[in-house]
1. Sticking with the crude label model, points 7 Å out along Cα→Cβ, report the distance from residue 95 to residue 286 in nm, one decimal please.
2. Sort the following peptides by mean Cβ neighbour count (other Cβ atoms within 10 Å, averaged over residues), highest first: 75-86, 197-208.
3. Testing the spin-label approximation: label points 7 Å from Cα along Cα→Cβ at residue 386 and residue 313. State their distance in nm.
4. In whole angstrom, note down how far apart the Cα centers of the stretch 315-394 and the stretch 55-100 are.
5. Under a point spin-label approximation (7 Å from Cα along Cα-to-Cβ), what is the residue 324-residue 263 distance to one decimal in nm?
6. When the label point is put 7 Å from the Cα of residue 70 along its Cα-to-beta-carbon vector, which residues of the stretch 149-175 have a backbone N closer than 15 Å?
7. Would you please put 279-285, 375-381, 151-157 in order of how densely packed they are, using the mean number of other Cβ atoms within 10 angstrom per residue and starting with the highest?
8. R0 = 30 Å: FRET efficiency of residue 223 with residue 372, Cβ-based, nearest 0.05?
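Values in this text are rule-based calculations from the coordinates and carry no lab data. Bear in mind the structure is a predicted one, so any value in this text is a computation, not a measurement. Cβ: placed from backbone, ideal geometry, glycine included. Neighbour counts: every protein chain shown.
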């Protein structure tokens, strides 16, 4: 591993990970070569993610997508750019089989990278109940599409709660794993692809390259889901005129970059991520964008945040919301799972449950307003039911 690059990347991302919960500590280094991974663990042996609140059952379909017009930027010898995509969608009834959270091998690498390897069995994390079913029949109708991009080094599975919640409310949701950008993701053939990007992206400029590369990934996913043959019946369930995007950490930066490059995306949200690309949040025109982050890292007084610059560049409907007591990973599955695994961090003031409820309510309200035209008073200003959420008007 290149120690200089790793330390530089850690310094840049430190502002995004201060006082992170136990399952959200800094990533460990990994080898460049993929290894063979185990099969999925049983689906019912672990804790459960939050129960979705929408009227639909939730199905899941996993896609392996290959962009034959691009070479992988991290491992060119690997050939074409590969993506793993979990598509969650409104389903009819309870057909299909329970959808696994991740494989035991993926869970083991995630636990080790978060500094809690051996604290709980990997099979327990892998067996987390997702409330989604593989192979379920899609519900009738056409639904908005929302893409989700995870944080730097994080697998797509860490945004499963949000994906399932939105699908239950009537969205098709595509959670994307970008090859060689997570601590370990299983690809077809049992290949476990490590986080080569964690070693190679060490400066702000290199991280901006990650953002731009992900924007290309996400536009390709939109192509495949709306026009490609791989998505099958799911393509008919998507309304291509109503597309949104959100991401955590560098995934949030990628949401803005995708909007700037792809006019098909109508609305976007950044969950506690700096933008890295300079100038921040440009090229969105008057399309709506929401920044939802921790007060500790993205309040107006945060010296290292580029959100003030982004705010000045956003010309359409916009919100800058900070959450008191939240930490960088509060907007993912990790605090919820940590609490249920006995790994809750006493240094994180906001509980895993409260973190989830705030993330759920504000992200769902944002997309309900801008992709479905449903009024959302919670986005109009401070609400007594959400005292932790501060509306910023710098």
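1. Roughly 4.4 nm, to one decimal.
2. Ranking, from highest mean packing down: 197-208, 75-86.
3. 2.5
4. The stretch 315-394 and the stretch 55-100 have Cα centres spaced 26 Å from each other.
5. It works out to 4.4 nm between the two label points.
6. 149-150
7. Details: 279-285: 17.7, 375-381: 13.4, 151-157: 26.7.
The densest-packed peptide leads the list: 151-157, 279-285, 375-381.
8. Values: r = 23 Å, r/R0 = 0.78.
With R0 = 30 Å, the Cβ-Cβ based efficiency is 0.80.
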